[in-house]
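Report on the following structure.
The values are calculated or read from the model by the stated rules, or taken from the named source; none is laboratory data. Here the structure is a predicted model, which means the values were calculated and not measured. In this analysis, Cβ positions are derived from the backbone assuming ideal geometry, glycine residues included, and neighbour counts consider all displayed protein chains. Heads up: the accessible areas ignore ligands, DNA and RNA and are worked out on the full protein's heavy atoms, side chains in. Shrake-Rupley method; radii C 1.70, N 1.55, O 1.52, S 1.80 Å.
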Amino acid sequence: MFTCVSDSVGSGYVGSLAHPGGNVTGFHNFAPAIGGKWLGVLKQIPPQVRRTSVVYVPEIAANVAFIRVAEATSKSLRMTVSGLGVRDGADIDRVLTQFAREQMVG
């Protein structure tokens, strides 16, 4: 049993959503396709945006699925998405600082 999992298949809790096996009950709070929709909304707010980043934890299967969808969707929106993998607070500061510096150089 799980109460709330972002990706029960990717996290290894069940074999598939169609046939989870055993007695499994729970809710998904995330669908990877939402990553593409978020980019579409972002593009509507400032249409001139060409570059964005996604801060994510690489060890979380749902995070990896999200970044893959965002990267795939970005091409049709003429955007570049940078996946910024983090594991702690120091990583967040480091990757965002680096991302901002790249914008100044580019």
Given [x] 31, 17, 10; [y] 50, 19, 10; [z] 24, 16, 9 as possible values of semi-axes √(5λ) of the Cα gyration tensor in Å, the one from the coordinates is [x]
Here the residues of the range 62-78 lying in the modelled label zone of I45, meaning backbone nitrogen under 15 Å from a point 7 Å along Cα-to-Cβ, are none
With all protein chains in place and a 1.4 Å probe, D88 shows an accessible area in Å² (nearest 10) of 80 Å²
Taking L17, L42 and ranking on accessible area (1.4 Å, protein atoms only), highest first, one gets L17, L42
Once F99 and I34 are pulled to full extension, the length gained, defined as 0.36 nm per residue separation minus their Cα-Cα distance, is 21.1 nm
A chain fully extended from A90 to R68 at 0.36 nm per residue, minus the present Cα-Cα distance, gains in nm 5.5 nm
If unit charges are put on Cβ atoms (+1 for Lys and Arg, -1 for Asp and Glu) and the dipole of the chain is taken about its Cα centre, the option from A62, S8, V95 lying farthest towards the positive end turns out to be V95
